[in-house]
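The values are calculated or read from the model by the stated rules, or taken from the named source; none is laboratory data. Small disclaimer: the values here were computed from a predicted structure and weren't measured. Positions of Cβ are generated from backbone atoms using ideal geometry, with glycine treated the same way; all protein chains shown enter the neighbour counts. All accessible areas refer to the heavy atoms of the entire protein, side chains included, with ligands and DNA or RNA removed. Shrake-Rupley method; radii C 1.70, N 1.55, O 1.52, S 1.80 Å.
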Amino acid sequence: MSLYRCHDYAFLLRRWKKAARAAGLEWRAIGEADGYEVYCATTRGAVEAGGVYISAGIHGDEPAGTEALIRWAEANPASLRAQPYLIFPCLNPWGLVNNARLDASGNDLNRTFHHEEVPHIQHWKTLLKGRKFSLALTLHEDYDGEGLYLYEIGRNPPHWGEELLELARPHIEIEARVRIDGRRITKPGLFRRRVDLRRFPQLPEALYLHLHHARRTFTFETPSEFALETRVRVQQLLIHACTQRALAV
């Protein structure tokens, strides 16, 4: 898979339509953004049944997440039938096509969940209304990253972060920086802190999910200067590990 192909939104949608059909998922558009339809794949009839939420591509210059998510879906139709899912393959298609963090209007969509100014994010909120998830995954990358790191927000232990990092360690370096974006990391490769909304006046997706919908939320951050195949493989590994663990709980 070339880097260019990872930014081919039409190709991504074709693959997702096929994967959704194989897994018996409903595939539908939730709205339009910058000339592109934004889609979701969801378990039929599972409006309030809990389960797993996964999204990728809210930052279009972070392609490992979108590619890992479709590869995982293509390889695991049985897992997709085993529990309820709500999946957003790419929340910022214009950004993906243009290899851009922001959308066409210059918005960082991952800082817009506190207001109602982005139509397809409002459609996203409407679709999630009333839903509760045992697990939510948001897939990201970090241009400045020196290794993999995770954000874990869980209402109750046991925590999974350390186990996930150990699972990934044979495949990728773990982030060694002690501060990221001005915040001190909890332990190497892992952020786990009480949520303080005063530090987040512009609300990101993961915190919105934590506040309103999810008992346990992870954000995966692979280092975007590492080899693409390595980043994709690690994100796919983490998706699979989390979804299997959610199924077992």
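Per residue, the chain exposes an accessible area of 45 Å² to a 1.4 Å probe, with every protein chain left in place. Geometric descriptor of segment 109-161, per residue, is 119 Å³ (volume of the convex hull of the Cα atoms). So, R0 is 51 Å and r is the distance between the beta-carbons of LYS132 and ALA227; what FRET efficiency does that work out to, to 0.05? Rounded to the nearest 0.05, the efficiency is 0.85. When +1 charges are put on Lys and Arg Cβ atoms and -1 charges on Asp and Glu Cβ atoms, the dipole computed for segment 106-249 relative to its Cα centre reaches about 860 debye. Here the spin labels are modelled as points 7 Å beyond Cα on the Cα-Cβ line, and at GLU26 and GLU162 they lie 4.2 nm apart. Values of log10 I(q)/I(0) for segment 131-249 across q = 0.11 Å⁻¹ run -0.34, by the Debye formula with one identical scatterer at each alpha carbon and no solvent. Sites listed here are chymotrypsin sites (Phe, Trp or Tyr not before Pro) in segment 108-208 whose DSSP assignment is loop and whose Cβ has at most 16 other Cβ atoms within 10 Å: TYR143.
Rounded to the nearest 500, what is the 222 nm mean residue ellipticity of the chain from helices alone, with -39500 (n - 2.57) per DSSP H run of 4+ residues and division by all residues?
Working: 8 runs with 86 residues, N = 249.
After summing the helix terms and dividing by residue count, I get -10500 deg cm²/dmol.
Tell me, what is the percent relative contact order of the chain, built from C-alpha pairs under 8 Å that lie six or more residues apart?
Details: 483 pairs, mean separation 58.1, N = 249.
Reported as a whole number, the value is 23 percent.
Listed by chain and number, the lysines placed with their C-alpha closer than 30 angstrom to that of LYS187 are LYS132; residues fewer than eight positions away on the same chain are left out. Gain on full extension, evaluated as 0.36 nm per residue between ASP8 and ARG183 minus their Cα-Cα distance, stands at 59.6 nm. Working from Cα pairs under 8 Å separated by at least six residues, relative contact order for segment 3-135 is 31 percent.
Calculate how large, on average over all directions, the projected area of the Cα convex hull of the chain is; give the answer in nm² to one decimal. Please report the intermediate quantities before stating the final value.
Values: hull surface 48.0 nm².
Its Cα hull, projected and averaged over all orientations, spans 12.0 nm².
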